[in-house]
Amino acid sequence: YLDDMEAARVEVFPDLPVIVGSRLIDPNYYLINASDVHEAQLDPAVHYCRFGWKEHRRPNIYFDVGWYMETNPDLQRLRVNPLVHYLVSGEPRGRRPVPYFDPVWYAETYAVPAGWSPLAHFLENRRSQTVSPTPLFDVAWYVEQHREELGTNRDPFAHYLQIGTTRDVNPSPGFNAAWYRRRHLGRPSRMFRHMLQPERDNPLVHYLRSEYL
C-alpha cells in the first residue's frame, strides 16, 4: 500500500475501492467546496484519494482531515489516507472523525447493522431528523424547538452548528450554551460575529474538543 502511494504516476490507488465502498464521500458537498474539481469534471472519490486528503479537503461535513490527523499522530508515520485509516482502524476503536461524532455511541444507540460504518449510516439518515451524532445533542427536542426554522429534509445538527456559533442555542436541555460561552469562550462583540467559526466558537463543539483524548 505504501509503495503504491509513493509511486509518482499511480492512477488507480489501493484505497479507492475502500473509499468508494464506504459511502463516506459526499459528491455534492465535495464539489460545492472544491470548485476546481467541479470545473475539471473530476470524480470526487478519485480526486480525494489522489490529492484531496493531502490538501486536507473534507470528504463530507462530518470528517475533518486536519482534526483526525491531529488526534491520531500515528498517521504522520504511516503516511496513509486518513479516511482509510478511519475506516480500517479508527472507527472500530471509537476514534472520532470530528469532535461531534461518536461512532461507538452512535452504533449502539441506533443499532447500526453489521458491516455498516456508523458514520456512513449517519450520513445516510441525517436528514431524516431522527438521528444524532452525539449524546449531547437531543435531536427530537431540538427539532421540536426549531421546527419552523428547520423545515423538512434538513440536517438538524448542521443547522445547530451554524446558529449555535453566534447565538446561545442549547443542543439539549442538559447543556446550557449561554453559561458555557460566558465561562469558557467569552461573548464576542457584534462587529466580530461574522468571523466566528463553528469548529472553534460553537460552545458544544468547544466542550467536545476539550474533553476528547
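Any read-out appearing in this document is the output of simple, stated calculations on the displayed coordinates, not a laboratory observation. Keep in mind that what you see is a predicted model, and the values were worked out from it rather than measured. Using ideal geometry, Cβ is built from the backbone for each residue, glycine included, and neighbour counts are taken over all protein chains shown.
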Original post:
Quick one: putting +1 on the C-beta of Lys and Arg, -1 on the C-beta of Asp and Glu, what dipole do you get for the chain around its Cα centre, in Debye to the nearest 20?
Top reply: 800
Original post:
Which residue, 81, 202, 125, tops the fluctuation ranking in a GNM of the chain built on C-alpha contacts under 10 Å?
Top reply: 125
Original post:
For the charge dipole of the chain, defined by +1 on Lys and Arg C-beta atoms and -1 on Asp and Glu C-beta atoms about the Cα centroid, which residue among 121, 27, 197 has the Cα displaced farthest towards the positive pole?
Top reply: 197
Original post:
Contour minus end-to-end for residue 20 and residue 125, with contour as 0.36 nm per residue of separation and end-to-end as the Cα-Cα distance?
Top reply: 36.0 nm
**OP:** In nm, give the distance between the simple-model label positions of residue 69 and residue 110, each being 7 Å from the Cα along the Cα-to-Cβ direction.
**Re:** 2.8
**OP:** Restricting things to alpha carbons, tell me how big the stretch 78-213 is in terms of Rg and Dmax, in Å.
**Re:** 15.8, 49
Subject >> Neighbour-limited loop hits for chymotrypsin sites (Phe, Trp or Tyr not before Pro), the stretch 142-213 (at most 15 other Cβ within 10 Å; DSSP other than H, G, I, E, B) >> reply: 212
Original post:
Say the dipole of the stretch 122-213 comes from +1 at the beta carbon of Lys and Arg and -1 at that of Asp and Glu; which of 131, 179, 169 then lies farthest toward its positive end?
Top reply: 179
Original post:
Between the stretch 25-76 and the stretch 130-199, what is the C-alpha centre distance in whole Å?
Top reply: 25
Original post:
What is the gain in length, in nm to one decimal, between residue 143 and residue 51 on full extension, counting 0.36 nm per residue of separation less the C-alpha to C-alpha distance?
Top reply: 29.4 nm
Original post:
Which of the trypsin sites (Lys or Arg not before Pro) found in the stretch 63-151 are loop residues per DSSP with 14 or fewer other Cβ atoms within 10 Å of their Cβ?
Top reply: 79
Original post:
Hey, got the dipole for the stretch 26-108? About the Cα centre, +1 on K and R Cβ, -1 on D and E Cβ, debye to the nearest 20?
Top reply: 300
Original post:
How many times 2.2 N^0.38 Å is the alpha carbon radius of gyration of the stretch 19-135?
Top reply: 1.04
